[in-house]
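K.L.:
Okay, here's the structure, questions in a sec.
Values in this text are rule-based calculations from the coordinates and carry no lab data. A quick note: this is a predicted structure, and the numbers were derived from the prediction, not measured. Ideal geometry is used to build each Cβ from the backbone, glycine not excepted, and the neighbour counts take in all protein chains shown.
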């Protein structure tokens, strides 16, 4: 019974992660364009934040490996809090460059999450709990597609503010799921 519950939680975790990644990565051009940036500047901004994410992703994983109390679960929660604050700030901030930095920070945090999500799988399997990664990852893909459809349609009607709003809602749900998942031991 414990395996089944954790499997469902992990499937939800994957689904919510990819739903959260969608507004951060899938709508960066739309959001920046809606906030006054031209196509070439959007390309530069996106490239810079992708590069930063590529550098920080393994560093975050390394930090998690070296610091005993920093588990995948704690790292997700620690990074989720600034993500929530960033989403809220995106409703308040009017300065274009600060908007770009905030959106880029959303993208970076979303990118750093992926190794933590995968580490959860290995941590549970080390403890003898068999998780169905195929179903979980399939759920992630399906949820990304549904989220893209929903955000795309809502953004056309409601404007770009729906993008950080959806990121905020999904992150809160993701943090709720993570906080209910049983802790794992570090090896």
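K.L.:
Could you tell me how many degrees, from 0 to 90 and to the nearest 10, lie between the Cα long axis of helix 162-180 and the main elongation axis, the longest principal axis, of the Cα atoms of the chain?
P.N.:
Result, in degrees: 10.
K.L.:
Would you mind checking the tilt of helix 39-66 against the longest principal axis of the Cα atoms of the chain, expressed as 0 to 90 degrees and rounded to 10?
P.N.:
20 degrees
K.L.:
Using only the Cα atoms, work out Rg/Rh for region 3-53, with Rh taken as the Kirkwood radius, to two decimals.
P.N.:
1.23
K.L.:
Evaluate the relative contact order of region 2-180 (contact order divided by residue number), counting alpha-carbon pairs under 8 angstrom at least 6 apart; express in whole percent.
P.N.:
That works out to 47 percent.
K.L.:
Also: Just to confirm the number: angle between the C-alpha axis of helix 72-92 and the first principal axis of the chain, 0 to 90 degrees, nearest 10?
P.N.:
That helix lies at roughly 20 degrees to the long axis.
K.L.:
Could you work out how far apart the two model spin labels at residue 94 and residue 145 are, taking each label as a point 7 Å from the Cα in the direction of the beta carbon, and quote it in nm?
P.N.:
In this crude spin-label approximation the distance works out to 4.2 nm.
K.L.:
What order do you get for 147-154, 17-24 when each peptide is scored by the mean count of other beta carbon atoms within 10 Å, highest first?
P.N.:
Values: 147-154: 15.6, 17-24: 27.1.
Ranked by mean Cβ neighbours within 10 Å, highest first: 17-24, 147-154.
K.L.:
Then there is this: Pull out the extension gain between residue 4 and residue 173, defined as 0.36 nm times the separation in residues minus the alpha carbon to alpha carbon distance; nm, one decimal.
P.N.:
Result for the pair: 58.8 nm of gain on full extension.
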